[in-house]
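Below you'll find the structure, written out as structure tokens, and then a few comments.
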Amino acid sequence: MADNYEIIPVPTRILTIHDNIVEAIIEYGADKIGPNDVICSAESVVAITQGRAKRPEDFEPCFLAKVLSQLFPSRGSIAGWNSMQSLMDVEGKYRVLLAVICGFFAKCFGKAGVFYQMAGEQARLIDDVTGTMPPYDKHIVYGPAHPAEVAEAIKLATGCYGAAIADVNDLKRSCVLGVSKGVDPRLIEKILIDNPFGNASQKTPICIIKNYKK
């Protein structure tokens with residue numbers, strides 16, 4: 001699907017809590033944005049600029065967090081004590097516990113994904129350490145707040161056709177968290193499936209889908 005669209009990565013400096021994502025897009029991408037384009041931002045960068053990154057030592061994992069974290073694959077985002085505690089802090093420890101129990105029994109009957117359906121939105125959005133760009137690879141990063149509102153703000157400020165906030169990785173997982181009005185999130189997910197973002201040394205956490213509106 002992405003072959004039908006030109007995708008332009010937008011290089012930036014490392015964006016931090018001191019930045020505004022809308023202002024950063026204008027600063028680095030204004031000369032590349034057209035009225036028929038859709039601007040896409042990696043969700044972790046939006047979250048970082050919103051101050052939603054915390055160092056692991058800021059957490060005090062409880063006994064339940066230590067136990068439940070061991071039930072998840074070691075490469076998962078909530079497999080660590082601190083990342084599991086971060087989830088419990090925002091979604092509630094009893095909600096997470098109930099989701100683990102229900103998820104276990106659902107898997108016994110061949111149904112997957114129940115835990116992530118029940119544990120709250122942040123269960124699938126939290127990035128554990130190494131999950132994003134330096135220096136925030138040493139942080140636990142929550143998913144962004146109000147992604148649809150951020151997308152609308154980007155659209156309004158830049159004059160583009162639309163905007164999207166997306167969570168995409170190199171394992172062909174593409175999930176749009178919020179879009180401005182008129183943008184099809186499922187189509188954006190297909191366009192971004194090959195992950196045009198570069199959150200490490202590339203420093204391209206923003207990309208532009210040219211001529212989305214044809």
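The values are calculated or read from the model by the stated rules, or taken from the named source; none is laboratory data. This one's a predicted model, so the numbers in the text were calculated from it and none came from an experiment. Here the Cβ positions follow ideal geometry from the backbone for every residue, glycine too, while neighbour counts run over all protein chains shown.
Across segment 9-50, the qualifying residues are those that are over 19 Å from the mean Cα position of the chain (by Cα) and among the hydrophobic types (A, V, I, L, M, F, W, C), and the one among them that is nearest to residue 183 (Cα to Cα) is 33. If the condition is being in contact with a Cys (Cβ under 9 Å, 6 or more places away or on another chain) and modelled with pLDDT of 95 or more, then segment 161-179 contributes 163, 164, 165, 166, 176. Does at least one position in segment 115-130 carry a residue that is in the same structural domain as residue 41 (by TED's automatic domain parsing), surrounded by 14 or more Cβ atoms within 10 Å (Cβ to Cβ) and small (Gly, Ala, Ser)? Looking through segment 115-130, none of the residues is in the same structural domain as residue 41 (by TED's automatic domain parsing), surrounded by 14 or more Cβ atoms within 10 Å (Cβ to Cβ) and small (Gly, Ala, Ser).
May I ask you to verify whether residue 89 is over 25 Å from residue 193 (Cα atoms), free of Cβ contacts under 8 Å to residues at least 12 places away in the same chain, part of a helix (DSSP H, G or I) and charged (D, E, K, R)? In short, no. Look at residue 68 and say whether it is free of Cβ contacts under 8 Å to residues at least 60 places away in the same chain and surrounded by 21 or more Cβ atoms within 10 Å (Cβ to Cβ). Against the criterion (free of Cβ contacts under 8 Å to residues at least 60 places away in the same chain and surrounded by 21 or more Cβ atoms within 10 Å (Cβ to Cβ)), residue 68 qualifies. Within segment 46-65, restricting attention to residues that are charged (D, E, K, R) and not in a loop (DSSP other than H, G, I, E, B), the residue that is surrounded by the most Cβ atoms within 10 Å (Cβ to Cβ) is 54. Take segment 25-45 and flag every residue that is assigned to a helix (DSSP H, G or I) and either surrounded by 21 or more Cβ atoms within 10 Å (Cβ to Cβ) or touching a Pro at 6+ places or on another chain (Cβ under 9 Å) (or both). Passing the criteria: 25, 28, 29, 43, 44, 45.
The residues listed here are 110, 103; of these, the one that is loosely packed, with under 14 Cβ neighbours inside 10 Å and without any contact (Cβ under 8 Å) to a residue 24 or more places away in the chain is 110. Of everything in segment 164-188 that is among the polar types (S, T, N, Q) and more than 13 Å from residue 151 (Cα to Cα), the residue that is surrounded by the fewest Cβ atoms within 10 Å (Cβ to Cβ) is 169. Only a single criterion out of (1) of a type outside the set (A, V, I, L, M); (2) assigned by TED's automatic domain parsing to the domain that holds residue 67; (3) in contact with a strand residue (DSSP E or B) (Cβ under 8 Å, 6 or more places away or on another chain) is not satisfied by residue 111, namely (3).
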